[in-house]
Each structure stands twice: as structure tokens, then as C-alpha cells.
Amino acid sequence: MTAQTSTIPGGDPSLEHELRRLASSPAVTHAAVIPESTPLEDARSQLADVIRLLGYSDGLHAMLATARRELTVAVPLRRDRGDISLFVGHRVQHNFSRGPAKGGLRYSPHVTLDEVRALAMWMTWKCALLDVPYGGAKGGIRIDPRDFSVGELERVTRRYTSEILPIIGPSQDIPAPDIGTDEQTMAWIMDTYSVSVGHTVPGVVTGKPISLGGSLGRSSATSLGVTHVAIKALEHLGRSPRGASAAVQGFGKVGRDAARFLSDAGLNVVAISDQYGAVFAGGGLDVAALAAHVDATGSVVGFPESEPLDAELLLELDVDLLVPAAVEGVIHAENAARVRATVIVEGANGPTSPAADRILADNGVLVVPDILANAGGVLVSYFEWVQANQAYWWTANEVETKLADRMTAAWVNVRDYSAKHGLTLRTAATSMAVERVTEAHRLRGLYP
Ligand code: NAD
């Protein structure tokens, strides 16, 4: 593992000092989260369970628990008003055994290096589980994008891209959107990279706008995959999705379309939250009307055809399906026993701590883990990369059919492995993924 810290161009000592201060200052913590364990501790604990199960060596365990490459960079921004602000950015590449690194880029005041490490590790398992030819990566800048103009976000993105440029590329590491970033962010990264190498390279990012080589169906792929898996999980328990009740935490890129697809599939989406609050309607929320309300006001709060709900209580509603689609660590040891959902389908990465997992398993709650449930995003990112590298574009129908086929196959494989070995779906999925990564590593051998 190599850890690097960039120097600031021009070597301005006040900026150097500011970077050290920023890098060592704690990130703002998620207000709703009780930090019983960090995402990295959770990811490493899940890995340790599987290593014990598979009987792998300590050396292999250490390799899989540790990122192959980490880059921490200073990102100076010239503000619209003329002064300079400085941000810390990271890019972590967890594993390359199965192919180039792949993973999202997050803009959030909560970003820490450890969080990015955890997210990169989960990406390795997700890519292996869905059998896409990538290792895992993740990136982040500790910034609240809501506080900055579009021009400022463009400058931050371009500067961050130029700082991490030596380690990204269509054969090295391919970023994609995550919390706080979107297809415009990907367009700026693609342009900055392309200008730097002297020709257009659409395959350097996924989640691009369609007109720049994005794939049809990518923006809603994570949510569609969540919906496919949720329906399979309900049916597995003998419940019809039609008329089943659902609650969705988060109304961003994942939660919003997940609520829409679930509603289209006949589920009754009774509660939805965002970082500002939650709304409830026992007869089911009109998701399209709620989306229009959010577009107009910026939040689900105050939606007229609903009653307000304590956002924490959304997780404890007596529903058939709960979809956490916001941030890590929201279901923890303290609240897990109060979760009454029959099935949890993890749209977010890492929403459930290992301690909560044990409580939920004891209480008979079926948890479909993130590395399976939200893998539709990286799957269609892979489709986008394949299309961009071939300059040949598929129809929306082709993309959605391939997505449905591969999500269903992954669900069946994990369900069967879990039944065969008597494991939770998470341990089964992680175990299958770790076996695949390890097989690739063994076949390639350890250099030198
Ligand atoms: P986003 O920034 O588009 O949306 C995040 C949403 O969560 C917003 O509605 C925000 O208000 C809400 N939120 C934040 N904190 C909350 C809290 N404490 N309670 C309730 N709501 C809260 O981000 P996104 O892309 O939708 O990502 C959401 C999750 O899904 C993340 O864990 C991300 O890593 C994961 N994920 C995203 C993708 C993708 O393709 N975008 C793919 C796989 C996994």
C-alpha cells in the first residue's frame, strides 16, 4: 500500500498548513448515526467472518483487508468571491486482481479516508459478485456541494481530477457518481482527463450524460436493480409485491427512482425520508407528486398529501419492505431490535452494522446486502464502459433486459449459496465474492 499526499502547487505555506489541519480534523458526523462502529470496521468485520469460514490464511486476509493504493490530495478552490478554500480529496483502489478499479466519487462533509477505504472494499466484492471485470475503488472530497455554485463545483472537480489523474483511466480506475455527484460531475472529469491526454476518452468515467457516451438506463440502474431484487426477496418469502407496503430512506439518485419503480410494481410506498425529514401516507404516497414537490422545494418535508414523520421512525415502521438508500450505519445495535420490516433491501452502501445484522437475523428479518441489492449501478456502468470502448450503443431495452437477467442470476446464486451453507445473504454474497477475487489472485500469482 502506498499513501501519498500531494503538495500544493506554488507551495503556499498557509495552504500547506490548512491542508494538514483539514486532513487531521474530524469530518462532520452523520447526525442520525450512532457511531458504534465505523464503516471500515464494519467492512473488515464482514471480511473477517468470511475469511474464518473459508479458512484462508492470515496473509491473504491482510491483503484483502488492505487497499492496494491510496491517494490523498489537496484540492484548492478559487471561490467566486476571489479567495481560496481548500478541501481534502481521496481516491482509494482496493483491489485489481480481476481488472481495473471501479467505484463512485462522493462529495460530502462526512467523507473520511476510512469511509472511502470501506466503500472501495465493498466495491471489490460487488464487482466480483456480479462478475464484472473490475476491482473496487472509491473517491471522495470532504465538501458539502450544496454550499457552492456550479462554477465552483466545476473548478473543484477539475482540480481533483487533475490531482488523481496519474491513477485513473479506462484501464486503471473508472469513477462514477455517488452521494453529492452526478452526470455533470462525470462530464467534467471526462473532459479534464481527455484534455490532459489530448484526445476524447469516454471510457474514463461512467454515469456520463447520454450525449457524451453515457448508457441509456444508467441513471436509474441502481434503483431498478434494487426493485428487481426486492421483488425476488418478497416472493421468496411467499409475499406478493402487489399491495406490499414499503418505506424508503433517502430520496436522491437511488431512493427516488427506487420509490417510483416499487410504486409502479404495485407496492404501497407509505414513507419516504431525506436528510431534512420524512413523510408518511398510510394509503401510499404519490411518488411522482412527491418528486415534483422535491424539485420545487428541495425536500420531501411539507409534501401536502402526507403527514410528517420522525425520520428515525421510518426505519421502525411495520412494513413488508424497508429500503435504506441514504448513508452508512443507519441500522445499528441500538435501533435494530425495533426494526419491524420483513425484508430490508440495501440501496445504500453499508447501512447495517454487523451488530445490527446479528439482531436482525435473530429476529427473522431478511437482509439483502448492499453488494447484491445496489449492484445494478455498477452493472450498467460496466455496460456503459463496454459501449464506450466499442463506440457502439445499445437500446434501453437491451440494457434493461441484461440488467434484469444478471440481477436475477446474482440473486438466485446468493440465495442458493446461503441455503446450501446455512449463511445469511450477506455472508453468502461476501463469501462468493471473496472466493472469486482470491481465485483471480491465486491464478495470477504474487509478484515478484
Ligand atoms: P444522493 O446524494 O443522490 O442522495 C442521497 C439522499 O439521501 C438524499 O435524498 C439525502 O437527502 C438523503 N439523506 C442523507 N442523509 C440522510 C439521513 N440521515 N436520513 C435520510 N435521508 C438522508 O446519493 P445516491 O447516489 O442516491 O446514494 C445513496 C446511497 O446509495 C449511498 O450509500 C451510495 O453509496 C449508494 N449507492 C449509489 C449508487 C448510485 O448509482 N448513485 C450505486 C450504488 C450505491
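The values are calculated or read from the model by the stated rules, or taken from the named source; none is laboratory data. Small disclaimer: the values here were computed from a predicted structure and weren't measured. In this analysis, Cβ positions are derived from the backbone assuming ideal geometry, glycine residues included, and neighbour counts consider all displayed protein chains. Accessible surface is based on the protein model in full, side chains and every heavy atom, while ligands, DNA and RNA are left aside. Shrake-Rupley method; radii C 1.70, N 1.55, O 1.52, S 1.80 Å.
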Can you list which of the DSSP-assigned H helices in the chain have a Cα extent of 18 Å or more along the long axis and an average Kyte-Doolittle score of at least 0.0?
39-54, 113-129, 183-197, 221-236, 376-390
When averaged across all projection directions, what area in nm² does the alpha-carbon convex hull of the stretch 275-409 cover?
10.3
Can you give the percent of C-alpha pairs in the stretch 97-163 whose distance is more than 19 Å?
41
Report Val248's accessible area, 1.4 Å probe, all protein chains in place, as a number in Å² to the nearest 10.
0
I need the Kirkwood Rh of the chain: take the reciprocal of the average 1/r across all distinct C-alpha pairs and report it in angstrom.
22.1
The stretch 301-430: relative contact order from alpha carbon pairs under 8 Å, six or more residues apart, as a whole percent, is 18
With +1 on the Cβ of every Lys and Arg and -1 on the Cβ of every Asp and Glu, the dipole magnitude of the chain about its Cα centre, in debye rounded to the nearest 20, is 1240
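Counting other Cβ atoms within 10 Å, keep those with at most 13, restrict to DSSP loop, and tell me which GluC sites (Glu not before Pro) in the stretch 305-361 are left. Don't jump to the answer; show the numbers that get you there.
On the way: sites: Glu305, Glu312, Glu316, Glu328, Glu334, Glu346; in loops: Glu305, Glu316, Glu328, Glu334, Glu346.
Sparse-neighbourhood loop GluC sites (Glu not before Pro): Glu305, Glu334.
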Highest GNM mean-square fluctuation among Phe96, Phe87, Phe148, for the chain with Cα springs under 10 Å, belongs to Phe148
Give the separation of the Cα centroids, the stretch 306-350 to the stretch 78-128, in Å.
25
Determine the order of Tyr276, Tyr392, Tyr107 by accessible area, beginning with the largest, at a probe radius of 1.4 Å.
Tyr392, Tyr276, Tyr107
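Ignoring ligands, DNA and RNA, what percent of the accessible area of the chain is carbon or sulfur (1.4 Å)?
53
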Suppose only helical runs count, i.e. DSSP H with n ≥ 4. What mean residue ellipticity at 222 nm does that imply for the chain under -39500 (n - 2.57) per run, divided by all residues and rounded to the nearest 500 deg cm²/dmol?
-14000 deg cm²/dmol
Quick check: with the 1.4 Å probe, what order do Ser171, Ser220 take by accessible area, largest first?
Ser171, Ser220
Accessible area of the stretch 69-211 divided out per residue, in Å², using a probe of 1.4 angstrom
30
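In the neighborhood of Pro209, defined by Cβ-to-Cβ distances under 12 Å, what is the net charge if each Lys or Arg adds +1 and each Asp or Glu adds -1? Kindly include the intermediate steps, with their values, before the conclusion.
On the way: positive: Lys208, Arg218; negative: Asp182, Glu183, Asp191, Glu384.
After counting each charged neighbour, the total is -2.
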Hydrodynamic calc, the stretch 373-425: Kirkwood Rh from Cα pairs, then Stokes-Einstein at 10 °C with viscosity 1.306 mPa s, so D in µm² s⁻¹ is 128
Can you pull the accessible area of Ser211 for me, 1.4 Å probe, Å² to the nearest 10?
110
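Taking all protein chains together and a probe of 1.4 Å, list His228, His94 from the most accessible to the least accessible.
His228, His94
Determine the sum of side-chain charges near Val73: Lys and Arg each +1, Asp and Glu each -1, restricted to other residues whose C-beta is under 11 angstrom from that of Val73. Before the final figure, lay out each step's value.
Values: positive: Arg91, Arg159; negative: Glu70, Glu163.
With Lys, Arg at +1 and Asp, Glu at -1, the net is 0.
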Select from Pro308, Pro241, Pro369 the residue whose mean-square fluctuation is largest in a Gaussian network model of the chain (Cα-Cα springs shorter than 10 Å).
Pro308
Where does the charge balance sit around Ala120 when Lys and Arg score +1, Asp and Glu -1, over other residues with C-beta under 13 Å from its C-beta?
+4
Can you give the convex hull volume per residue for the Cα atoms of the stretch 69-211, as a whole number of Å³?
101
Just Asp49, Asp178, Asp80 to compare: in a GNM of the chain, with alpha carbon springs under 10 Å, which one fluctuates most?
Asp80
